Amino acid sequence: MAAFASTILFMTGGCAVANEGGAVPGLEKFHAALAAVEDGRRTRPVSILHLGDSHISLDHLTGEMRKLWDERYGNAGRGLQPGVPYQYYSVQGYRISMSGEWEVKSSLPADAHGAFGIQGFVASAARADAEMVLDADEPFDGVEVEVAGAPDTGYLSLAIDDAAPLRLSTYRKTPGLVTLYVPAAQARHLRLSPVGNGGPVRVLGWGVRRSEAKEGGVRYDSYGVVAARLDIVSRWRDDIVDAQIERRRPDLIILGYGTNEGFDDGLDLAAYRKRLVALIDRLRRVAPQASIALLGAFDGARDSGAGEPCGDGWVTPPKLGKLRKLQQAVAAEKGAWFWNGEAAMGGRCAIHRWVTQDPPRAWPDHVHLRPSGAREMGDKLWRALMAGTD
């Protein structure tokens, strides 16, 4: 960390600019990993982990970024949240369904407790008629399933295409993460269910790997929870989260929280700063090889309460800009990369213009982006993250 302490972060329209040495402050490790893949010194995929709120939960913004990385480096696969954890859950390139008696728990409530990992959800079932089904547009070469194992957990049945189902144990002598990996041969269909004659299974997430990616490729895992704040991570199990991150060995960790906090007029900024610093310090311990990126919240507005006016009765919440400045200051202090989502949209009150223009790029709630607006911001964020890599 000390090597980054005195680095200056230059911002232009929400994008970081390379310093005189050509490196983008805060992204040195990520860019080094990409360079190693491009010049053949590395065959292991570049790994990216993106955690955040509703802006990434529907995969429009993240889907655009994934497409751009796939085009340049090749698709090395991705992780997915378990089954269909919430209404309207949809990921590009996959069709996913659940049936039977699954119990899906979310880590969003303040009193939530359970074996949560980085996906933010746990899907539990014990009966064999409970199924998760995945169909992929493009073939994959491997399947991975992350479960919360314990002495009382049972077996999973995993069927790949038309092959006979495999029986996989989720037992663990002490509670913790169990990762199951099964190679496949150009498969497109998965069916996952409890065996049904043992204990329950607790699925944290599943995903696919692809080996055809040229020069190692990029694996981009994005997990968003609608209405999430930064403190959601305090309800995830430390041992499970650390094991998941260590297994992925991310080269870049992106944190996309702040919108929901910024609408809270009672937000304690000093307490938020302590939580953010503690999380960055923890991530540096668990993933010392990773660059860390903080996304400053997109512009937003509301139609009541205190705030600066934006027109037609809409106002900017007073804590939103202060929170964004705090994030930028913490990023500079901790050697992380910062991207200003509001600036990239066009500045304060841009959200009102995005809502009222024809065609609109944001929804009338003045918070969420329509698919076209989300893809535009995904393109801008990708280009900012990749600045200086050509």
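A few remarks follow.
- Qualifying positions in region 331-340 - surrounded by fewer than 23 Cβ atoms within 10 Å (Cβ to Cβ) and either free of Cβ contacts under 8 Å to residues at least 12 places away in the same chain or part of a helix (DSSP H, G or I) (or both): Ala332, Glu333, Lys334
- If the condition is being crowded, with 18+ Cβ neighbours inside 10 Å and in a helix (DSSP H, G or I), then region 243-267 contributes Ala243, Gln244, Ile245, Arg248, Thr259, Asn260, Glu261, Gly262.
- Test for Ile240: is it assigned to a helix (DSSP H, G or I) and modelled with pLDDT of 95 or more: yes
- Residue check for Val201: open to solvent by 10 Å² or more (accessible area, probe 1.4 Å) and at pLDDT 95 or above: no
So that you can scan it fast, the table gives a plain yes or no per residue for (1) surrounded by 18 or more Cβ atoms within 10 Å (Cβ to Cβ); (2) of a type in the set (Phe, Trp, Tyr); (3) modelled with pLDDT under 70:
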residue: Thr7; (1), (2), (3): no, no, yes
residue: Thr12; (1), (2), (3): no, no, yes
residue: Ala18; (1), (2), (3): no, no, yes
residue: Ala23; (1), (2), (3): no, no, yes
residue: Leu27; (1), (2), (3): yes, no, no
residue: Ala35; (1), (2), (3): no, no, no
residue: Gly40; (1), (2), (3): no, no, no
residue: Arg44; (1), (2), (3): no, no, no
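- Boolean, Thr179 is of a type in the set (Val, Ile, Thr) and open to solvent by 70 Å² or more (accessible area, probe 1.4 Å): no
- Candidates Asp358, Asp365, Asp299: the one that is within 24 Å of the chain's Cα centre (by Cα), free of Cβ contacts under 8 Å to residues at least 12 places away in the same chain and more than 30 Å from Arg247 (Cα to Cα) is Asp365.
- Qualifying residue in region 362-372 (condition: assigned to a helix (DSSP H, G or I), at pLDDT 95 or above, open to solvent by 60 Å² or more (accessible area, probe 1.4 Å) and not hydrophobic (A, V, I, L, M, F, W, C)): no
- Within region 174-195, residues that are more than 14 Å from Ser211 (Cα to Cα) reach partners that are small (Gly, Ala, Ser) and open to solvent by 50 Å² or more (accessible area, probe 1.4 Å) with beta carbons closer than 7 Å, at six or more positions or on different chains, in the pairs Ser193/Ala128; Pro194/Ala128; Val195/Ala128.
- The criterion of at least 2 residues that are open to solvent by less than 10 Å² (accessible area, probe 1.4 Å) and of a type in the set (Lys, Arg) is met by none of the strands (runs of 3 or more DSSP E) falling completely within region 272-318.
- Between His60, His55, His113, the distinction of being touching a His at 6+ places or on another chain (Cβ under 8 Å), open to solvent by 20 Å² or more (accessible area, probe 1.4 Å), in contact (Cβ under 8 Å) with a residue 24 or more places away in the chain and not aliphatic (A, V, I, L, M) belongs to His55 only.
- Meets criteria (open to solvent by 20 Å² or more (accessible area, probe 1.4 Å), over 20 Å from Ala76 (Cα atoms) and among the hydroxyl-bearing types (Ser, Thr, Tyr)) for Tyr171: yes
- Every residue from region 67-85 that is within 23 Å of Tyr181 (Cα to Cα) and among the aliphatic types (A, V, I, L, M): Ala76, Leu80, Val84
- Among residues of region 86-110, those that are more than 23 Å from Val178 (Cβ to Cβ) and surrounded by 21 or more Cβ atoms within 10 Å (Cβ to Cβ), counted: 0
The values are calculated or read from the model by the stated rules, or taken from the named source; none is laboratory data. Remember, it's a predicted structure, so these values are computed and weren't measured experimentally. Virtual Cβ from ideal backbone geometry, glycine too; neighbours counted across all protein chains shown. Quick note on the areas: whole protein, heavy atoms, side chains included, nothing else; ligands and nucleic acids left out. Shrake-Rupley method; radii C 1.70, N 1.55, O 1.52, S 1.80 Å.
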